[in-house]
1. Starting from 0.36 nm per residue, how many nanometres of slack lie between TRP125 and ASP386 once their C-alpha separation is accounted for?
2. Please tell me which of these pairs span more than 20 angstrom C-alpha to C-alpha: LYS314/LYS348; LYS139/LYS168; LYS189/LYS316; LYS168/LYS189; LYS316/LYS348?
3. Seen from all sides and averaged, what is the projected area of the convex hull of the Cα atoms in the chain, in nm²?
4. Based on DSSP, what percent of beta bridges with both residues in the chain are antiparallel, to the nearest 5?
5. What distance in nm lies between label points placed 7 Å from Cα along the C-beta direction at TRP188 and THR50?
6. Using r as the Cβ-Cβ distance of THR150 and TYR311, and R0 as 25 Å, what FRET efficiency do you calculate, to the nearest 0.05?
7. Which value at 222 nm does the chain reach when only helices count, each DSSP H run of 4 or more adding -39,500 (n - 2.57), with the total divided by all residues and rounded to the nearest 500 deg cm²/dmol?
8. State the answer as a single residue: which of GLN136, ALA249, GLY303 lies farthest towards the positive end of the charge dipole of the chain, with beta carbon charges of +1 for Lys and Arg and -1 for Asp and Glu, about the Cα centre.
Amino acid sequence: MTSVPSPTAELSADEARRIALRAQGFLGAPDRRGGVRGVLRHLGAVQLDTISVLARSHELIPYARLGAVGRRTVDEAYWTPAPVGATPPQPHAFEYWSHAACILPVEEWPHFAFRRRAYRARPHWNHALPDGTYDQVIKQLRAEGPLTATDLGGAKKTSEWWDWSGTKVAVERALMYGEVVCTERRGWKRVYDLAERAIPDTLLHDDLDDAECLRRLVRLAGRSLGVGTRADIADYHRLKGEQVDAVIAESGLVPVTVEGWSKPAWADPVALETTPRGRHRTTLLSPFDSLVWDRARTERIFGFTHRLEAYVPKPKRVYGYFAMPVLAGGRLVGRVDPAREGTTMVAKQVTLDGPRSVPAVAQALLEAATWVDCTNIRVDRANTPDLRDALTAELARTLG
């Protein structure tokens, strides 16, 4: 790691936490005029995931910040489908590899030129590409317009999820190279189109060199985090530490120290200009929310240890299959592992910090239940019987 300039400010742990909350859209009045697209631009990346419990993660992200925005409204904000027979409109977003598979604002297309070039230069792949398949896929997309892998001839050779067909290998390779772009998910299937047709001309270029791409992504990550260590900033778009080191001095971020943080930190200078104030959101969070997707950062800022247990064998789970952290008063005060049974929202397992967390967790459950059209809430288990009884009583009182 290169030497770090002298810090321009010293932040308390509480100040850093509040800066992070405001940067992520959880402190202060939400920008309802910008809506879902405003949330996307503000965060810079919204992670996708196949798991759907209350809703898919990319739906939970704007919900957590804006409240009960309609799920159809969320998808339409991300993926604006073209009217039948009309020229496709310019997209507001595209899907690419960032923190993971993410929805990204279309304005960020130029910033990922460094990654597209790296993929083109990649010496090996996990899937073999049959001769002629790549050119055939491009030809078919050019002739027929936006298509799914199924439309192109099928995504898999067998029923095994990893056993891709040659067509799927080709179109995914083209997606990584930037010749093809995903501008919509339809029934959870990627819809592919030629980048030259889908991306606005003003953005469709790879003119930025690697250093400029990295400089912009580091600056945007710092703005979305508010304040973070080198590792925090690198993790946001999954950059390498040395890539961050090479550009951070020219990124516009400023060095700071944070009470209790063992590593140097960098902050968005705009975030330091005003004291973070305003109303805190009380909500359930997706485990893939950018506020908590970096586990080490979550532990450092909130003193909260969280791991996704969806892929942990059931007998070994501690908090549940899709335990969602509960944010209240700017703190993480517990976890809820939810499910739906008809019109009943089931809190299969609830873990609370203590009795003082009960009203906030009840509020978060009630809002989430309303959002997914549930009229009843049932609490199956909590970390103690007394807390389960208290939460059940609070829900009954609030539901009237």
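1. 88.6 nm
2. Flagged as over cut-off: LYS189/LYS316.
3. 21.8
4. So the antiparallel bridges amount to about 85 percent of the total.
5. 0.7
6. 0.40
7. Details: 16 runs with 150 residues, N = 400.
Mean residue ellipticity at 222 nm (helix-derived): -11000 deg cm²/dmol.
8. GLY303
The values are calculated or read from the model by the stated rules, or taken from the named source; none is laboratory data. All figures in this text were calculated on a predicted structure; none of them were measured in a lab. Using ideal geometry, Cβ is built from the backbone for each residue, glycine included, and neighbour counts are taken over all protein chains shown. Accessible surface areas use protein heavy atoms only, side chains included; no ligands, DNA or RNA. Shrake-Rupley method; radii C 1.70, N 1.55, O 1.52, S 1.80 Å.
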